[in-house]
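I have placed the structure first, in the form of structure tokens, so that the comments after it can refer back to it.
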Amino acid sequence: MRTIKTFTMVMFLLIAGIGLKAQDIVVIAPGNFLRGTIQATDYTNVVLTKEDESVVQYRATDIQEFVWNGETYVSKPIIIKKKMEHRFFKILEQGAVNLYAIGGSTGVDVPEPKRRRITPSIGIGAGSGGFGGVGFGGGISIGGGRRQEAPVKRVMPSTFFIEKVGTGPMSELPVEGGNSEGKTQHIKNILLQKLSNDEDLAERIKATESFDGKLIRAFVTAYNAVHK
């Protein structure tokens with residue numbers, strides 16, 4: 001009985017230890033990464049508090065990807081206003097077809113500062129222009145001072161992007177802002193192009209009268225499950 005209790009306690013401590021070590025990761029290049037706590041992103045920049053508690057900011061052109069709360073954000077090129085730029089895209093689905101998103105919650109509560117330390121305040125600006133009329137890239141400002149009373153959080157409208165090798169560049173799916181007849185047909189055309197060679201799925205897409213993020217993700221998941 002004592003052996004079983006000891007074994008159980010050891011396993012509990014090991015699991016607890018793993019949980020404590022679980023951190024966010026910034027991947028600069030293959031085999032070159034940093035661990036810490038990601039504070040915020042505006043999809044052009046990301047702010048990381050490193051293990052030594054120093055704060056650094058990386059642009060999408062500086063790193064390959066980062067893992068935040070178990071979700072992966074990859075740096076990819078995209079044309080904005082006829083200019084090639086890099087942005088961070090959250091991976092929603094990967095496979096024969098990849099689905100990404102920009103938007104949603106972009107910041108977390110700033111942790112309570114330790115005694116006699118100063119915690120940087122972090123602000124996120126949404127900027128102007130960008131994808132589908134939604135602005136991204138206003139920048140993240142890092143300043144000194146004590147922790148603000150209100151949590152530092154911003155929420156941006158979500159914009160979805162779909163990608164399939166051999167079918168042209170990554171395409172935006174304008175889900176936000178309602179489903180007009182023209183917008184719905186535009187989304188259908190893109191899905192039928194990217195999710196090709198699947199007659200059953202094509203019929204379901206053609207019969208759909210309106211789209212949201214959950215439905216688009218379901219279509220991509222179903223396609224990837226068959227086309228591996």
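The table below gives the values:
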item: Strands (runs of 3 or more DSSP E) fully within region 137-228 counting 3 or more residues that are at pLDDT 95 or above and touching a strand residue (DSSP E or B) at 6+ places or on another chain (Cβ under 7 Å); result: 155-163
item: Condition check for ALA16: open to solvent by 30 Å² or more (accessible area, probe 1.4 Å) and at pLDDT below 50; result: yes
item: Filter result for VAL55 (touching a Pro at 6+ places or on another chain (Cβ under 7 Å) and over 28 Å from ALA222 (Cβ atoms)); result: yes
item: Check on GLN57, within 30 Å of LEU195 (Cα to Cα), open to solvent by 60 Å² or more (accessible area, probe 1.4 Å) and at pLDDT 95 or above; result: no
item: Residue list for region 175-228, restricted to those being open to solvent by 70 Å² or more (accessible area, probe 1.4 Å) and in contact (Cβ under 8 Å) with a residue 12 or more places away in the chain; result: GLU176, GLY177, HIS186, GLN193, ASN197, ARG204, LYS206, GLU209, ASP212, ARG217, VAL226, LYS228
item: Unmet requirement for ILE122, which otherwise passes all of (1) aliphatic (A, V, I, L, M); (2) open to solvent by 50 Å² or more (accessible area, probe 1.4 Å); (3) modelled with pLDDT under 55; result: (2)
item: Condition met for GLY103 (modelled with pLDDT under 90, over 14 Å from ILE38 (Cα atoms) and open to solvent by 40 Å² or more (accessible area, probe 1.4 Å)); result: no
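The values are calculated or read from the model by the stated rules, or taken from the named source; none is laboratory data. All figures in this text were calculated on a predicted structure; none of them were measured in a lab. Using ideal geometry, Cβ is built from the backbone for each residue, glycine included, and neighbour counts are taken over all protein chains shown. Areas reflect the complete protein model, heavy atoms only, side chains present, ligands, DNA and RNA absent. Shrake-Rupley method; radii C 1.70, N 1.55, O 1.52, S 1.80 Å.
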